Each structure stands twice: as structure tokens, then as C-alpha cells.
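Asks: Got a structure for you, questions after.
The values are calculated or read from the model by the stated rules, or taken from the named source; none is laboratory data. In this text, all values refer to a predicted model and were calculated from it rather than measured experimentally. Cβ placement follows ideal geometry from the backbone for every residue including glycine, while neighbour counts extend to all protein chains displayed. Surface accessibility is based on the protein's heavy atoms, side chains included, excluding ligands, DNA and RNA. Shrake-Rupley method; radii C 1.70, N 1.55, O 1.52, S 1.80 Å.
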Amino acid sequence: MNILVTGGAGFIGSHIVDRLVGDGHRVTIADSLVTGKKENINRKAVFRKVDIRSGKMDSIFRSGRFGAVFHLAAQMDVRKSVSDPIYDADVNIMGGLNLLENCRKYGVGRFIFISSGGVMYGECASDPPSEYVYPRPLCPYGDSKLALEFYLNFYGSNFGVKCVTLRLGNVYGPRQDPYGEAGVVAIFCGAMLSGTEVKIFGDGEQVRDYIYIDDVVDANMLALNRGAGIYNVGTGKSRSVNDIFGTLKKITGFAKEAVYESPRPGELNRSCLDVGRAFKDLGWRAETGLEEGLKKTVEYFKSKN
Ligand SMILES: NC(=O)c1ccc[n+]([C@@H]2O[C@H](COP(=O)([O-])OP(=O)(O)OC[C@H]3O[C@@H](n4cnc5c(N)ncnc54)[C@H](O)[C@@H]3O)[C@@H](O)[C@H]2O)c1
């Protein structure tokens, strides 16, 4: 199939591109490289350096004859969304709409949108939220992701574009950036491998659903042919920052204790996901345990040093 991957030079997008190319698809990447990296770009894919908000997307769709689009390009820094919500909305809502309009115009059959389960439900109760729980993002980044989810609903019902939203937990693994949602893994790996101080903000008991990149790619591949609507994509288990620190300490042999600092304002205490729907509809569940995923991530960061 001819497939467009927006954000295909980024952490998650580049892994999706690699898998699609490996499976024999013809892939085009649309990425402005605002945070993406040239070295992540798969050489067998066609690369277009373009902003998803640009009118140039029209000719990319016209010549690409895409059967499906994976949409990952985004402003995805929560703090930036707070300091500049207009830029955040422009990229995440207007940029996304520009793609959906092109899907309508050029008859693209499937649109897979990568949203965020980490911010969608706000502060979570002890029961992990399913997709049926009313979303309550507490930052403009979550608001803009949610807005595009609603547009998907409209385009899916009215213009025959089959739409799937994957609300990812906190993704970690090779190529991840310290600034991403699961940035703590990359930050801790970097500090531990260079023997510098590891800082934990708050008491370290704040929990997230940390999911390894290969499992996320598997869910995306299934969504290419199956499913409709919204799916949480996580492990279903919540792990604390102290857990991440302890496990990485064991793997790297880091000898120092963490330095605890005051909590960062606005940070969630509890973010977790019920992933039953993805198993039921897509036949997907995360296969990689935390220790195994962190070991692979540490190997990657070691090879970069
Ligand atoms: N990393 C996580 O834990 C996580 C969790 C949930 C959801 N997500 C979502 O996954 C997607 C990918 O995130 P990532 O962690 O790989 O981040 P990333 O920054 O590595 O990737 C984003 C890519 O989008 C590109 N981009 C940004 N704005 C663009 C624009 N206007 N036009 C064209 N390209 C643009 C960047 O250059 C980059 O290559 C994002 O949509 C993000 O919201 C990530």
C-alpha cells in the first residue's frame, strides 16, 4: 500500500516507518524536522520536508495516492502548550484538519491518529479509565488532541475515511527524546550512563503507564487493517518514577541515590489506562515487560555514547 506517515522522522513515527517499509509498503514521510531527526529517516521511504499545515500537502496527497495515513506530527510538549496554546492548536488542530481535508479530497481509505492516553483523562482514579470515560485533559496539548479526535469522528461518519485513534501511554525505547511524554526514561538513562546526578521531582510515587515502542508499533500495524474509533494503548499497569529509577539503577549499575526536589506544578499524580478494548477489537496487548524494555533502551543509549 502507499502510506503517508506524518512525523516519520520522530521517535515513534520513525519506528512505524521502519516496520511499514520492512513489510513491503511504499512509505512517504511528511515531517518539518522541528523536533524530528534526519538520522531517523528510513532511506527506503520518500522524505518530504514539509509542515503539515502547509498548502504543499495537497500535491503530496495528489501524487502519493495514499491508501492510509498514520498521523504523528504534533506539537507534543505539554509545557510549550501552556506557554503557547495558539501554536499548539495551530499544529495539532489546524494541521490535522489540513490532512483530513486532503484525505477527503483524494479518497484516502484509512486515517490512524496518534493521540495521548497520558494526558486525555487528567488525574486518574484508582480504576484505570477505559475509552468510555469522559476525557478531562488538564493542558492545551490534551485539548488539541481531543479536538482532532472529534473531527475524526465527523470525517469518519460523513466522508468514508475509516478513522482510528490510538491513545498511547508513555512510550519509551530507542530514539526517544528526553523532552517527550516518557522523557524520564531517556533522562535517567543519560544521567546514569554518564554517572551524573538523577533528580526526581516530588516523592517519585507519581505513576504512569510506560509502554515499550515495539508494542506501540504492533498496535499501529493492526490498526492499519482493523478497528474503528478510539483505543487506549498501554500495558494496563501503572509504574512509579521510583520503580523506573530502581529498575534502571539495577540495569546500569548506577551507584548513587536519587536527589528529590519539589514537585513540578501541574504534574499529574496518577495516569493509567484500561486497555481491554484494544485486545477485544484488535487482538493486541503489550508483550514487553518493563525490565526487558528498559534493558533494550539502555543498550541503545550505551551504543550512542
Ligand atoms: N512519546 C510519547 O510518549 C507519546 C505519548 C502519547 C502520544 N504521543 C504522540 O505521538 C506522536 C509522536 O511523538 P514522538 O514522541 O515521536 O515525538 P517526536 O517529537 O519525536 O515526533 C514528532 C514529529 O513530528 C514532527 N512535526 C512536529 N510538528 C510538525 C509540523 N507542524 N509539520 C510537520 N512535522 C511536524 C517533528 O519534526 C517530529 O519528527 C505525537 O503525535 C505525540 O503527541 C507520544
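Asks: Suppose we filter the range 263-302 for residues that are polar (S, T, N, Q) and either surrounded by fewer than 17 Cβ atoms within 10 Å (Cβ to Cβ) or over 15 Å from LYS237 (Cα atoms) (or both); how many remain?
Replies: So in the range 263-302, the residues polar (S, T, N, Q) come out as 269, 271, 288, 297.
Then drop every residue that is not either surrounded by fewer than 17 Cβ atoms within 10 Å (Cβ to Cβ) or over 15 Å from LYS237 (Cα atoms) (or both), which leaves 269, 297.
Residues meeting the conditions: 2.
Asks: Just checking, which of PRO174, PRO129 is touching a residue at least 40 places away in the same chain (Cβ under 8 Å), within 16 Å of the ligand (Cβ to nearest atom) and in contact with an Asp or Glu (Cβ under 7 Å, 6 or more places away or on another chain)?
Replies: Working: PRO174 fails: in contact with an Asp or Glu (Cβ under 7 Å, 6 or more places away or on another chain).
After ruling out the rest, the residue left standing is PRO129.
Asks: Shifting gears a bit: What pairs can you find where one residue is in the range 27-44 and among the acidic types (Asp, Glu), the other is in a helix (DSSP H, G or I) and crowded, with 19+ Cβ neighbours inside 10 Å, and their Cβ atoms are less than 8 Å apart, with a gap of 6+ or different chains?
Replies: ASP31/GLY13
Asks: Would you mind stating whether TYR121 is away from the ligand (no atom under 12 Å from the Cβ), within 18 Å of ALA278 (Cα to Cα) and open to solvent by 10 Å² or more (accessible area, probe 1.4 Å)? Steps first, please.
Replies: Details: away from the ligand (no atom under 12 Å from the Cβ): yes; within 18 Å of ALA278 (Cα to Cα): yes; open to solvent by 10 Å² or more (accessible area, probe 1.4 Å): yes.
Yes, satisfied.
Asks: Of all the residues that make up the range 241-262, how many are of a type in the set (S, T, N, Q) and open to solvent by 50 Å² or more (accessible area, probe 1.4 Å)?
Replies: So in the range 241-262, the residues of a type in the set (S, T, N, Q) come out as 242, 247, 252, 262.
Restricting the remaining residues to those that are open to solvent by 50 Å² or more (accessible area, probe 1.4 Å) gives 262.
Residues flagged as of a type in the set (S, T, N, Q) and open to solvent by 50 Å² or more (accessible area, probe 1.4 Å) within the range 241-262 amount to 1.
Asks: Mind telling me which of the residues TYR151, TYR155, TYR132 ends up being open to solvent by 60 Å² or more (accessible area, probe 1.4 Å), under 21 Å from MET57 (Cα atoms) and hydroxyl-bearing (Ser, Thr, Tyr)? Explain how you work it out, then say what you get.
Replies: Details: TYR155 fails: open to solvent by 60 Å² or more (accessible area, probe 1.4 Å); TYR132 fails: under 21 Å from MET57 (Cα atoms).
Exactly one residue qualifies, and that residue is TYR151.
Asks: Listed residues ARG62, ARG48, ARG53, ARG79; which is in a loop (DSSP other than H, G, I, E, B) and either open to solvent by 30 Å² or more (accessible area, probe 1.4 Å) or modelled with pLDDT under 95 (or both)? Steps first, please.
Replies: Working: ARG62 fails: in a loop (DSSP other than H, G, I, E, B); ARG48 fails: in a loop (DSSP other than H, G, I, E, B); ARG79 fails: in a loop (DSSP other than H, G, I, E, B).
Every option except ARG53 fails the conditions.
Asks: Tell me which residues, restricted to the range 100-113, are open to solvent by less than 10 Å² (accessible area, probe 1.4 Å) and either free of Cβ contacts under 8 Å to residues at least 24 places away in the same chain or part of a strand (DSSP E or B) (or both).
Replies: Of everything in the range 100-113, those that are open to solvent by less than 10 Å² (accessible area, probe 1.4 Å) and either free of Cβ contacts under 8 Å to residues at least 24 places away in the same chain or part of a strand (DSSP E or B) (or both) turn out to be PHE111, ILE112, PHE113.
Asks: Is at least one residue of the range 174-190 modelled with pLDDT of 95 or more, of a type outside the set (S, T, N, Q), assigned by TED's automatic domain parsing to the domain that holds GLU299 and touching a strand residue (DSSP E or B) at 6+ places or on another chain (Cβ under 7 Å)?
Replies: Yes, some residue in the range 174-190 is modelled with pLDDT of 95 or more, of a type outside the set (S, T, N, Q), assigned by TED's automatic domain parsing to the domain that holds GLU299 and touching a strand residue (DSSP E or B) at 6+ places or on another chain (Cβ under 7 Å).
Asks: Could you check ILE12 against (1) of a type in the set (A, V, I, L, M, F, W, C); (2) near the ligand (Cβ under 9 Å from one of its atoms); (3) free of Cβ contacts under 8 Å to residues at least 60 places away in the same chain and say which number it fails?
Replies: (3)
Asks: Could I ask something else about it? Which of the residues spanning the range 229-240 are in contact with a helix residue (DSSP H, G or I) (Cβ under 7 Å, 6 or more places away or on another chain) and surrounded by fewer than 23 Cβ atoms within 10 Å (Cβ to Cβ)? Give the derivation first.
Replies: To start, the set of residues in the range 229-240 that are in contact with a helix residue (DSSP H, G or I) (Cβ under 7 Å, 6 or more places away or on another chain) comprises 230-234, 239.
Across the range 229-240, the qualifying residue is only ARG239.
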